[in-house]
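This report refers to the structure that appears directly beneath it.
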């Protein structure tokens with residue numbers, strides 16, 4: 001049996017404590033030794049240096065390390081230089097990877113800050129302030145308004161206790177608490193006779209027996225689950241890793257074959273090894289990690305302009321892969337600002353315009369704007385405003401918004417009255433409060449008695465059923481009638497409002513004659529019913545449109561909230577998350593449900609999850625991930641941290657979010673708006689589309705470099721390009737054009753197609769054929785240009801060739817690859833269009849290619865670079881020879897487009913002829 005199902009006496013007996021005395025000093029010390037500190041413990045992590053060194057052992061890094069070693073030992077005079085450059089590349093790429101390492105330790109540090117430093121407990125019959133870390137099971141907490149709660153405790157006494165449970169439930173409305181037992185089994189969000197670590201007292205006071213401390217609290221369980229969740233690679237990281245493995249295997253196989261061929265041709269061992277080294281350097285895309293990181297960083301900058309702050313670069317593309325968005329309700333989909341939308345007075349129905357706390361909006365009856373409000377409505381508004389303790393705070397400048405200090409429900413009534421021109425401040429001056437009967441969870445109503453020039457009046461607000469029980473009459477116009485014939489109609493209106501997800505309050509009043517006998521039994525009877533006020537936390541502007549865009553893009557949106565099912569389903573329906581056939585599953589129902597049943601429901605219909613606990617949110621994410629879904633989860637409370645970390649992409653709220661939720665997430669929404677998530681998804685898809693472009697571009701270059709070497713072997717000429725010159729292509733002239741591809745414009749259909757299939761590989765058959773096609777043309781063309789150059793300079797077959805003339809020939813190879821890559825980058829950019837049609841759609845690309853030409857000229861003609869890269873100045877004939885390779889690449893691109901378009905057109909023509 002749970003603690004919430006047991007009496008306070010049973011719990012006190014079990015924990016050997018006294019509700020009136022607390023623990024004795026010696027017993028407290030003994031228990032502190034037994035239970036340890038009331039604190040969030042920190043999981044031991046691998047040292048930072050170990051994490052950093054691990055990045056030197058991925059497959060590309062190992063290949064390059066081997067190349068550096070071979071170069072240093074067998075590379076002759078330039079070997080140490082080449083080895084140093086290669087090691088620099090490894091260090092750069094490893095550093096970039098390490099910087100992106102997820103920082104789980106910070107989440108736990110932030111969780112620790114949430115717990116209070118001190119607390120008041122009963123020790124030996126006296127109230128004592130102790131360190132919160134010294135609190136133990138059996139301690140009796142003394143809680144007052146504003147106190148932070150240091151441990152999980154069962155309430156034994158309370159006086160109008162309300163707690164802020166936002167950190168655990170995600171709901172901002174204060175939770176009413178009581179001390180009575182709860183007989184049935186309920187979820188965490190419905191345990192109203194307990195208080196929990198990490199929450200705080202909003203109002204009232206209480207006495208509670210501590211039942212759990214430290215990692216055994218609900219708060220500690222969140223920390224424990226958060227620490228246990230393994231950091232998984234993003235879809236992009238997995239894809240790049242698979243691609244790297246594939247390329248590395250091909251490189252090793254080809255390298256071994258070329259090495260053996262050279263040995264067979266009776267080349268020296270050192271020559272054969274250095275030749276294989278050049279091959280490895282040619283095939284490894286050294287610039288890819290840095291290029292991907294910079295491209296993602298550019299996307300991060302674009303996303304920041306769209307109000308999404310990305311903490312982890314790989315999260316950009318993960319968002320683009322999302323197939324499911326699990327969204328909170330309050331503050332993400334809704335404004336977290338209670339707003340009165342409907343009023344019933346004089347048995348007339350009024351619709352109220354405006355949303356949020358800004359006191360601007362008209363009263364509409366039918367289709368007409370009401371300019372003069374009926375007296376009963378004015379009395380209702382005055383009664384409502386006098387029954388509030390909240391305050392409406394105007395903005396201090398243009399950047400701020402209207403705010404409510406106090407209960408959001410009461411705040412919405414003040415805003416409603418202000419819309420009618422009724423000021424709370426002015427009303428309170430004319431009406432002096434002399435008595436109040438406060439709201440309690442048992443009574444569900446509250447009443448104030450005020451005095452004005454006309455005498456004493458009692459005003460009452462509360463739950464409709466309870467208020468109606470106190471009302472034998474109703475005011476309609478200037479008449480006061482018996483309520484009997486109206487009661488059923490009033491409750492029909494209440495039900496209608498409730499179905500829309502509106503929270504309903506009833507308002508009543510009466511004149512008080514006996515000021516000397518002010519008590520509940522004398523005041524809360526014979527009231528006159530004035531009407532109903534119905535309010536809701538309204539959806540944010542643009543959310544419904546964003547949900548529609550997400551659904552068109554093949555993304556399922558699921559609402560997971562701590563709020564009640566009726567409210568949650570009404571909001572979900574209003575913004576289009578659910579349509580006709582949907583289920584509302586409460587946290588209690590979820591407890592009884594097997595994963596297989598949950599998985600079936602998630603696959604078959606739209607779902608709204610209500611009154612969910614933190615561990616249930618993780619469970620939902622787990623089930624979705626087991627289905628192969630890429631899951632994005634939004635959250636703002638401490639309770640959301642485990643789910644945010646478990647999800648493929650965690651999205652925290654920047655305004656309402658706790659520090660813990662922000663640390664656990666990869667993306668922070670600066671405007672707390674659901675539509676920003678959808679905008680971020682669009683950016684993620686654009687990133688992946690452009691990523692495919694520059695991966696094609698970079699690997700085309702690698703294949704070109706590879707086949708220039710292979711063609712050299714076939715032609716029987718010296719090595720056409722040096723390892724250092726290959727690096728000058730990969731890390732020099734190729735970099736800016738590939739980055740320019742990262743800012744290509746989006747395809748028009750980017751959000752009209754489903755998320756990419758996770759089984760679809762980045763290096764798929766089509767892409768591999770594409771870059772091998774252009775790469776072979778580039779490589780063979782460059783090798784032919786090299787051969788022509790050495791033959792013109794007097795070389796004969798079988799002769800070793802070194803010195804300045806040889807370096808001039810390798811410079812021709814280098815220039816040939818650069819020229820053909822410029823053709824290739826424009827072809828990659830154009831996609832299905834011709835190069836000319838799309839030439840001026842990306843000015844960054846034009847600028848990048850110009851810079852590449854400047855870089856090429858510098859590498860060929862400036863002495864410093866000539867010495868470092870072993871390049872030489874080229875004459876007009878050599879330049880024409882290199883340009884011819886670029887022309888060959890252009891012709892091959894045109895041929896490819898011709899046959900590609902022909903393949904697409906023929907089936908279309910056949911269909912037209914048949915029709």
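The values are calculated or read from the model by the stated rules, or taken from the named source; none is laboratory data. This structure is a prediction, so every number in the text was calculated from the model and none was measured. Ideal geometry is used to build each Cβ from the backbone, glycine not excepted, and the neighbour counts take in all protein chains shown.
Any idea which residue in region 587-608 is modelled with the lowest pLDDT, counting only those that are closer than 25 Å to residue 184 by Cβ and assigned to a loop (DSSP other than H, G, I, E, B)?
The extreme case among them is 592.
Assuming residue 496 fulfils every condition listed in (1) over 42 Å from the mean Cα position of the chain (by Cα); (2) in a helix (DSSP H, G or I) apart from one, which condition is it?
Unmet condition: (1).
Can you name every residue in region 331-363 that is in contact with a helix residue (DSSP H, G or I) (Cβ under 9 Å, 6 or more places away or on another chain) and under 30 Å from residue 619 (Cα atoms)?
332, 333, 334, 336, 337
What number of residues in region 613-645 are in a helix (DSSP H, G or I) and either over 11 Å from residue 326 (Cβ atoms) or more than 12 Å from the chain's Cα centre (by Cα) (or both)?
Taking region 613-645 and keeping what is in a helix (DSSP H, G or I), we get 614-626, 638-645.
Imposing the further condition that a residue be either over 11 Å from residue 326 (Cβ atoms) or more than 12 Å from the chain's Cα centre (by Cα) (or both) reduces the set to 614-626, 638-639, 641-642, 645.
The number of residues fulfilling the criteria is 18.
Filter region 399-422 down to residues that are assigned to a loop (DSSP other than H, G, I, E, B) and closer than 28 Å to residue 160 by Cβ and give me whichever is nearest to the chain's Cα centre (by Cα).
402
Is it the case that some residue within region 403-424 is at pLDDT below 90 and more than 30 Å from residue 608 (Cα to Cα)?
yes
Which strands (runs of 3 or more DSSP E) sit wholly inside region 283-391 and have at least 3 residues that are in the same structural domain as residue 438 (by TED's automatic domain parsing) and free of Cβ contacts under 8 Å to residues at least 40 places away in the same chain?
348-352
Kindly provide the set of residues from region 253-269 that are assigned to a helix (DSSP H, G or I) and more than 18 Å from residue 711 (Cα to Cα), ordered by number. Before you say what the answer is, go through the steps one by one.
From region 253-269, those assigned to a helix (DSSP H, G or I) are 253-264, 269; that's our starting set.
Once the filter is applied, which keeps residues that are assigned to a helix (DSSP H, G or I) and more than 18 Å from residue 711 (Cα to Cα), region 253-269 yields only 269.
Is there a residue in region 652-675 that is surrounded by 19 or more Cβ atoms within 10 Å (Cβ to Cβ), within 20 Å of residue 553 (Cβ to Cβ) and modelled with pLDDT of 90 or more?
There is no residue in region 652-675 that is surrounded by 19 or more Cβ atoms within 10 Å (Cβ to Cβ), within 20 Å of residue 553 (Cβ to Cβ) and modelled with pLDDT of 90 or more.
Among residues belonging to region 444-472 that are touching a helix residue (DSSP H, G or I) at 6+ places or on another chain (Cβ under 7 Å) and surrounded by fewer than 16 Cβ atoms within 10 Å (Cβ to Cβ), point out the one that is modelled with the highest pLDDT. Break it down stepwise before answering.
Taking region 444-472 and keeping what is touching a helix residue (DSSP H, G or I) at 6+ places or on another chain (Cβ under 7 Å), we get 444-445, 447-450, 452, 458-461, 464, 468.
In the following step, the residues that additionally are surrounded by fewer than 16 Cβ atoms within 10 Å (Cβ to Cβ) were identified as 444, 452.
Details: 444: 84, 452: 92.
Result: 452.
In this structure, is residue 892 modelled with pLDDT under 90 and assigned to a helix (DSSP H, G or I)?
Judged against the criteria, residue 892 is a match.
Taking only pairs six or more apart or across chains, which ones have beta-carbon atoms under 6 Å, a first residue in region 738-758 that is not assigned by TED's automatic domain parsing to the domain that holds residue 629, and a second residue that is buried (at least 18 other Cβ atoms within 10 Å of the Cβ) and assigned to a loop (DSSP other than H, G, I, E, B)?
744/842; 751/553; 755/323
Hey, residue 570 hits all of (1) modelled with pLDDT under 90; (2) at positive phi; (3) in contact with a strand residue (DSSP E or B) (Cβ under 9 Å, 6 or more places away or on another chain) but one; which does it fall short on?
All conditions are met except number (2).
Kindly evaluate residue 396 against the criterion of being part of a loop (DSSP other than H, G, I, E, B), over 20 Å from residue 523 (Cβ atoms) and out of contact with any strand residue (DSSP E or B) (no Cβ under 9 Å at 6 or more places or on another chain).
yes
Does residue 422 satisfy being in contact (Cβ under 8 Å) with a residue 12 or more places away in the chain and surrounded by 15 or more Cβ atoms within 10 Å (Cβ to Cβ)?
Values: in contact (Cβ under 8 Å) with a residue 12 or more places away in the chain: yes; surrounded by 15 or more Cβ atoms within 10 Å (Cβ to Cβ): yes.
Here the answer is yes, as residue 422 does meet what is asked.
Taking the options 557, 578, 584, 543, name whichever one is farther than 30 Å from residue 186 by Cβ and at pLDDT 90 or above.
Numbers: 557 fails: farther than 30 Å from residue 186 by Cβ; 578 fails: farther than 30 Å from residue 186 by Cβ; 584 fails: farther than 30 Å from residue 186 by Cβ.
After applying the criteria, what remains is 543.
Of all the residues that make up region 669-701, how many are out of contact with any helix residue (DSSP H, G or I) (no Cβ under 6 Å at 6 or more places or on another chain) and either part of a helix (DSSP H, G or I) or at negative phi (or both)? Spell out how you get there, then give the answer.
Just the residues of region 669-701 that are out of contact with any helix residue (DSSP H, G or I) (no Cβ under 6 Å at 6 or more places or on another chain), to begin with: 670-673, 676-677, 679, 682, 686, 689, 691-692, 695.
Now drop any that are not either part of a helix (DSSP H, G or I) or at negative phi (or both), which leaves 670-671, 673, 676-677, 679, 682, 686, 689, 691-692, 695.
Within region 669-701, residues that are out of contact with any helix residue (DSSP H, G or I) (no Cβ under 6 Å at 6 or more places or on another chain) and either part of a helix (DSSP H, G or I) or at negative phi (or both) number 12.
Does region 633-645 contain at least one residue that is surrounded by 20 or more Cβ atoms within 10 Å (Cβ to Cβ), in contact with a helix residue (DSSP H, G or I) (Cβ under 9 Å, 6 or more places away or on another chain) and at pLDDT 90 or above? Break it down stepwise before answering.
Applying the first criterion (surrounded by 20 or more Cβ atoms within 10 Å (Cβ to Cβ)) to region 633-645 yields 633-645.
Narrowing further to those that are in contact with a helix residue (DSSP H, G or I) (Cβ under 9 Å, 6 or more places away or on another chain): 633-645.
So of that shortlist, the ones also at pLDDT 90 or above come out as 633.
For region 633-645, residues surrounded by 20 or more Cβ atoms within 10 Å (Cβ to Cβ), in contact with a helix residue (DSSP H, G or I) (Cβ under 9 Å, 6 or more places away or on another chain) and at pLDDT 90 or above: present.
Would you point out which residue out of 846, 822 is in the same structural domain as residue 885 (by TED's automatic domain parsing), touching a helix residue (DSSP H, G or I) at 6+ places or on another chain (Cβ under 6 Å) and on the phi < 0 side of the Ramachandran plot?
822
Condition test on residue 182, is it at negative phi and outside any loop (DSSP other than H, G, I, E, B)?
Numbers: at negative phi: yes; outside any loop (DSSP other than H, G, I, E, B): no.
No, not satisfied.
Name the residue, out of 364, 325, 355, that is modelled with pLDDT under 90 and within 29 Å of residue 577 (Cα to Cα).
355
May I ask you to list the residues in region 9-32 that are buried (at least 16 other Cβ atoms within 10 Å of the Cβ) and farther than 19 Å from residue 120 by Cα?
Correct list: 11 only.
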